[in-house]
Every structure is written in structure tokens, then in C-alpha cells.
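Q: Encoded as C-alpha cells, here's the structure I'll be asking about.
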Ligand code: LMR
């Protein structure tokens with residue numbers, strides 16, 4: 001049977017990890033996969049996570065199963081983190097999932113189960129794995145305009161014109177903040193217009209929020225989600241703890257659904273059912289750490305402080321990069337880097353230029369010229385600027 005298997009295309013982002021490792025050059029620079037790194041290139045365990053792990057090791061007395069939905073304390077805390085008080089609690093259902101990707105997958109499956117044939121609208125471009133999962137599930141996809149290649153900002157008029165074609169019960173996938181791969185984000189006013197369109201068309205929003213706290217702050221990054229949540233009857237949210245808690249390998253995320261209060265119990269039951277079908281119980285270790293951090297005032301303060309340090313560090317790198325490129329290219333062409341938010345910016349280089357940077361300078365970025373800002377430091381900012389100017 002296995003002889004009939006066809007090779008699968010390599011994931012363009014994950015492929016870079018292996019290529020970078022295999023490169024023997026000492027001065028190589030990794031701007032590929034979206035993992036936070038400090039100035040020394042290390043991905044640290046956050047202080048609050050380490051402290052919670054110590055406490056957990058002392059206090060945990062059993063490894064028996066939690067519930068199918070995970071620990072309610074976890075998904076309640078996550079719903080609170082993302083939604084604040086924008087919707088009544090009796091409208092919220094949620095489950096723990098293996099990472100944000102697990103939540104994305106379950107959300108798509110829920111839609112497929114209840115509305116087979118519903119079109120999923122995704123931004124052009126989007127995180128490649130969104131498209132890959134949708135293809136795997138055989139769900140119809142339409143792209144909506146999002147990134148303006150000239151301004152490197154959002155083509156909001158194009159986006160609205162395209163989304164006006166969405167039908168009732170189509171799914172519209174939005175990035176909650178820190179758009180991946182472009183770094184260009186909706187303003188709060190834009191979110192209001194999107195909410196109007198959702199109400200008018202009856203299309204259902206699904207918001208993937210994987211970088212809350214990496215853009216403008218924990219609450220500011222969730223403001224768009226909260227605005228939409230306060231306006232629409234139904235909403236799906238895929239939230240990740242990989243980046244803002246730095247617990248990538250623990251696979252910690254949550255799928256949150258907002259429905260009317262009368263439908264909450266059935267919605268909750270369906271989310272738990274999908275967990276059972278796919279992997280039974282969700283992973284617990286990371287979820288437990290997150291719960292401890294979000295509900296213990298001391299741990300929470302420590303986490304928020306460090307997250308803010310991380311966010312401000314990336315902002316400083318953005319400003320330094322934009323300034324350095326101004327000098328190196330004698331133009332304001334790359335000023336958008338300082339205006340973008342989150343880990344990523346799409347530079348607007350050709351695939352050939354990206355390849356030259358890799359071959360000639362050992363600088364690794366995704367083929368669409370997405371860079372991970374956190375892969376830079378004070379020493380490499382000018383190196384990258386010079387190399388980019390060299391391939392223009
Ligand atoms: C990324 O976009 O680099 C991250 O979300 C990691 C991944 O799984 O692709």
C-alpha cells in the first residue's frame with residue numbers, strides 16, 4: 001500500500017530550519033521560522049514559565065486525564081485573555097487544542113461538518129499552513145486582496161471589495177494581529193468596517209490570533225477581535241500560546257467559539273467531540289502552566305513584564321532596521337518595517353534576490369521575503385541592510 005504514497009511538498013518555512021543548520025558559515029543569519037530569539041540567538045524559557053514549572057513539579061500529584069475539552073480553568077483564562085469582557089460568558093464555548101494550529105484545524109473541521117461546501121476566504125497572502133490544511137480537508141477557498149505590494153500596507157479597499165462577495169455562512173479567516181507573513185495590520189477603524197460587512201453578509205469570522213502581545217500590547221492586539229466579538233452573532237477564534245508564552249514544543253492553544261447563549265451547550269459538545277475524534281484529550285502540561293500564569297497575580301505580572309520586554313525589543317529592531325536601510329539604500333523604500341507590527345515583515349524582494357542573500361551572505365528568510373525580526377540583533381541589523389542593498 002505504501003508504494004502508492006506520493007512525496008509531499010516540503011513546508012517552505014520548516015524547510016529553512018534544516019537548510020540553516022546545515023550551512024557551515026559562522027556568520028549566517030536565521031530570519032526564517034517564526035520563533036522568538038534574544039540578542040544571542042537563543043529562544044529562552046520565559047521567567048514566569050520556569051517558575052510555574054517549578055511550582056507544578058512540587059504540586060502536581062497525578063497525570064490522569066483531564067476532560068476532553070481540557071481544563072476549564074485553562075480555556076476560561078484564555079477566553080478572558082483574548083475576549084476580555086467583550087461578550088457575555090454564557091455565549092462562549094472553548095477547548096484546549098495542541099497549539100494554535102490544532103485550533104485552526106478543529107475550527108475548519110467544525111465548519112466542514114456543519115456546512116459542507118462553505119467557502120473559506122483567506123487573505124492574500126496568508127500563513128501557508130492555512131492553505132495547506134484547507135487543501136488537505138478539501139474545503140473550497142477564495143483569496144481576498146490584503147497586501148498592497150506598493151505601499152506595503154493593507155489594501156483595505158481591495159479587501160472590502162472582495163469580501164463583499166462572501167455569502168451567508170461562508171467563513172472569513174482574519175489574522176487577529178501581527179499578520180503573518182506581511183506584518184501589515186488592520187486599524188481599529190478597519191476592524192469596525194469589517195464587522196459591518198460581517199453583519200451585513202452573514203459570513204462567519206474566524207480569527208487566528210497567534211501573536212497576542214507581540215504587536216502593540218496584550219489588550220491593543222486583541223482590540224480588533226473584541227470589537228468583532230461584540231458585534232457578530234457567531235465567531236471562531238484560534239488562539240496560540242506558542243509565541244507569547246514561548247512554549248512552542250508544549251503545543252498549547254485554544255479554540256474558542258462565540259454563539260448565542262441557547263446554542264452554547266451544543267457548540268461546546270461539538271468542540272469536545274472533535275477533540276475526541278482527532279486525538280482524544282488535548283495536551284495538558286503547557287495549558288497548566290498558562291493557567292497558573294494567567295491566574296496567579298505574581299506570575300502574571302512577571303509574564304506580562306517579560307512579554308513587554310520582548311515586544312519592545314522587536315520594535316527597537318524594526319526602527320533600527322528601517323533607519324539602517326534608509327542609509328544603505330539612500331531611500332525611504334523600507335520605512336514600512338518600522339510601521340509593521342509583530343514578528344514578521346515582508347520585504348518585497350524577488351525570489352531570486354532572496355536566494356542570492358542565502359547563497360552569497362548566508363542570510364535565510366522565507367522565499368516570499370518574509371523576515372523574522374526577532375532573528376536580528378544590533379550587530380546583524382547593518383549586515384542585513386548592506387546585504388539587501390547589495391542585491392537590489
Ligand atoms: C511561522 O509562520 O514561521 C510559524 O508560525 C511557525 C510555523 O509553524 O510555520
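Q: Within region 90-104, is even one residue assigned to a loop (DSSP other than H, G, I, E, B), within 16 Å of the ligand (Cβ to nearest atom) and assigned by TED's automatic domain parsing to the domain that holds residue 229?
A: yes
Q: Residues of region 141-154 being over 17 Å from residue 341 (Cβ atoms) and either within 16 Å of the ligand (Cβ to nearest atom) or in contact with a strand residue (DSSP E or B) (Cβ under 7 Å, 6 or more places away or on another chain) (or both), which ones?
A: Across region 141-154, the qualifying residues are 141, 142, 143, 144, 145.
Q: On to the next question. Quick one: what pairs do we get from region 33-59, first residue over 22 Å from residue 288 (Cβ atoms) and within 16 Å of the ligand (Cβ to nearest atom), second at pLDDT 95 or above and outside any loop (DSSP other than H, G, I, E, B), C-beta under 6 Å, 6+ apart or different chains?
A: Taking only residues 6 or more apart or on different chains, the pairs are 34/372; 37/374; 37/375.
Q: A follow-up question, please. Out of the residues in region 144-158 meeting the condition of being in a helix (DSSP H, G or I) and either touching a residue at least 60 places away in the same chain (Cβ under 8 Å) or out of contact with any helix residue (DSSP H, G or I) (no Cβ under 8 Å at 6 or more places or on another chain) (or both), tell me which one is surrounded by the fewest Cβ atoms within 10 Å (Cβ to Cβ).
A: Of everything passing the filter in region 144-158, 157 is surrounded by the fewest Cβ atoms within 10 Å (Cβ to Cβ).
Q: Another question, if that's okay. Answer with yes or no whether residue 126 is within 16 Å of the ligand (Cβ to nearest atom) and part of a helix (DSSP H, G or I).
A: No; evaluated as a whole, the condition is false for this residue.
Q: Considering each residue of region 230-246, count those that are over 14 Å from the mean Cα position of the chain (by Cα) and within 14 Å of the ligand (Cβ to nearest atom), and give that number.
A: 0
Q: Collect the residues in region 181-204 that are buried (at least 18 other Cβ atoms within 10 Å of the Cβ) and more than 16 Å from the ligand (Cβ to nearest atom), keeping them in residue-number order.
A: 186, 191, 194, 195, 198, 203, 204
Q: Just wondering, is there one or more residues in region 256-274 that are modelled with pLDDT of 95 or more and more than 21 Å from residue 205 (Cα to Cα)?
A: Within region 256-274, one or more residues are modelled with pLDDT of 95 or more and more than 21 Å from residue 205 (Cα to Cα).
Q: May I ask you to verify whether residue 84 is away from the ligand (no atom under 16 Å from the Cβ) and more than 30 Å from residue 388 (Cα to Cα)?
A: Considered against the rule, which asks whether it is away from the ligand (no atom under 16 Å from the Cβ) and more than 30 Å from residue 388 (Cα to Cα), residue 84 comes out as yes.
Q: Something else: Scan region 171-180 and give yes if some residue there is surrounded by fewer than 18 Cβ atoms within 10 Å (Cβ to Cβ) and assigned by TED's automatic domain parsing to the domain that holds residue 237, otherwise no.
A: Within region 171-180 (the criterion being surrounded by fewer than 18 Cβ atoms within 10 Å (Cβ to Cβ) and assigned by TED's automatic domain parsing to the domain that holds residue 237), the answer is no, since none of the residues qualifies.
Q: Same structure again: Kindly provide the set of residues from region 1-32 that are out of contact with any strand residue (DSSP E or B) (no Cβ under 9 Å at 6 or more places or on another chain), within 12 Å of the ligand (Cβ to nearest atom) and part of a loop (DSSP other than H, G, I, E, B), ordered by number.
A: 11, 12, listed by residue number.
The values are calculated or read from the model by the stated rules, or taken from the named source; none is laboratory data. The model shown is predicted, which means the values in this text are computed figures rather than measured ones. Because the Cβ atoms are built from the backbone with ideal geometry, glycine has one as well, and the counts that use them run over all protein chains shown.
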